């Protein structure tokens with residue numbers, strides 16, 4: 001009996017070790033698969049960074065042109081024009097926001113639920129890093145400057161008769177295309193309990209515009225602003241990619257509160273941005289809808305474009321290298337037709353021959 005007890009005591013540590021290794025092995029399946037997806041998304045962001053640095057996105061070029069024109073047309077607006085020009089680069093809040101979100105992804109999920117959340121975040125960031133999609137996201141900067149120019153710069157991809165949606169009374173709501181985008185501000189609860197929009201940093205400029213009554217200075221309340229349809233890339237298409245899971249959850253909660261109070265949130269526009277950009281967003285929606293049937297933890301799945309060869313250059317943001325990218329290096333392009341071409345123009349563009357600073 002003593003001998004048997006001795007054997008049992010010796011086997012217990014071995015059994016515990018085997019159980020630990022078994023559980024660790026299961027966890028590694030999640031971690032290993034996620035690491036592969038993470039690396040691919042990271043490389044896609046590196047590719048986007050270089051495209052932005054080399055100014056190879058059409059709408060980034062238009063942002064630069066509009067910023068210079070707006071500063072000439074209205075010198076007082078030069079600081080905000082410069083801020084928007086920066087936001088179309090690899091140093092702007094749209095790109096750096098994606099980098100920060102990627103760094104927050106849980107790369108060592110311990111169970112299926114954690115893996116699903118991390119995987120969904122990677123898919124979202126990967127779609128946002130697609131140059132075609134990012135190019136469309138810059139429409140909000142272009143159209144904001146067009147709005148501030150008082151009509152001297154044309155809006156892009158927006159019918160002219162839709163501009164009334166960004167107007168309250170007979171005054172323009174400054175920054176209307178950027179309202180709701182967490183890169184530029186946030187909704188905060190006012191003393192009355194309502195959600196009121198608050199601009200970040202340099203974009204607080206929009207709250208101070210007077211201009212002889214041309215711009216509306218009244219607070220932007222969520223219920224009032226979000227029950228009227230308007231053209232905004234972030235609100236109509238970009239919420240699932242340029243907003244975090246937390247941002248989307250907060251929007252969902254606010255919309256539920258709106259409905260409880262008898263208001264109906266406006267439906268997104270169906271035709272805005274490029275055709276290829278909408279196809280990319282549709283791809284994301286399809287991936288999201290099939291997640292419930294996906295076999296998580298397997299070794300044969302990965303992020304979008306898993307079979308694409310990657311350029312191995314280190315990113316400034318990922319490697320910590322502060323030096324600029326080498327412009328002479330080749331760019332790894334994704335399949336698209338927007339490089340070097342212009343975005344979709346206004347659907348009701350006048351045939352009077354007026355010059356458009358973003359067109360051909």
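The values are calculated or read from the model by the stated rules, or taken from the named source; none is laboratory data. Every value quoted in this text rests on a predicted model; they were computed, and no experiment measured them. Don't worry about glycine lacking a Cβ; one is built from the backbone with ideal geometry, like all the others, and counts go over all protein chains shown.
Restricting attention to region 59-77, and to residues there that are at pLDDT below 95 and in contact with a helix residue (DSSP H, G or I) (Cβ under 8 Å, 6 or more places away or on another chain), which single residue is nearest to residue 201 (Cα to Cα)?
77
List, please: which pairs have Cβ atoms under 9 Å, are six or more places apart or on different chains, and start with a residue in region 174-191 that is touching a residue at least 60 places away in the same chain (Cβ under 8 Å) and at negative phi and end with one that is part of a strand (DSSP E or B) and buried (at least 20 other Cβ atoms within 10 Å of the Cβ)?
187/195; 187/197
Just to verify a result, which residue in region 203-252, among those that are touching a residue at least 60 places away in the same chain (Cβ under 8 Å) and more than 26 Å from residue 92 (Cβ to Cβ), is surrounded by the most Cβ atoms within 10 Å (Cβ to Cβ)?
Within region 203-252, the match that is surrounded by the most Cβ atoms within 10 Å (Cβ to Cβ) is 229.
What are the residues in region 92-112 that are assigned to a helix (DSSP H, G or I) and at pLDDT below 90, if any? Working first, answer last.
Going residue by residue through region 92-112, those that are assigned to a helix (DSSP H, G or I) are 93-103, 112.
Correct list: 112 only.
So which residues in region 259-284 are closer than 14 Å to residue 230 by Cβ and modelled with pLDDT of 75 or more?
Across region 259-284, the qualifying residues are 265, 266, 267.
This table checks each residue for (1) over 14 Å from the mean Cα position of the chain (by Cα); (2) farther than 30 Å from residue 50 by Cβ; (3) surrounded by 23 or more Cβ atoms within 10 Å (Cβ to Cβ); (4) modelled with pLDDT under 90.
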| position | (1), (2), (3), (4) |
| --- | --- |
| 135 | no, no, yes, no |
| 146 | yes, no, yes, no |
| 151 | yes, yes, no, yes |
| 158 | yes, no, yes, yes |
| 163 | yes, yes, no, yes |
| 167 | yes, yes, no, yes |
| 178 | no, no, yes, no |
| 181 | no, no, yes, no |
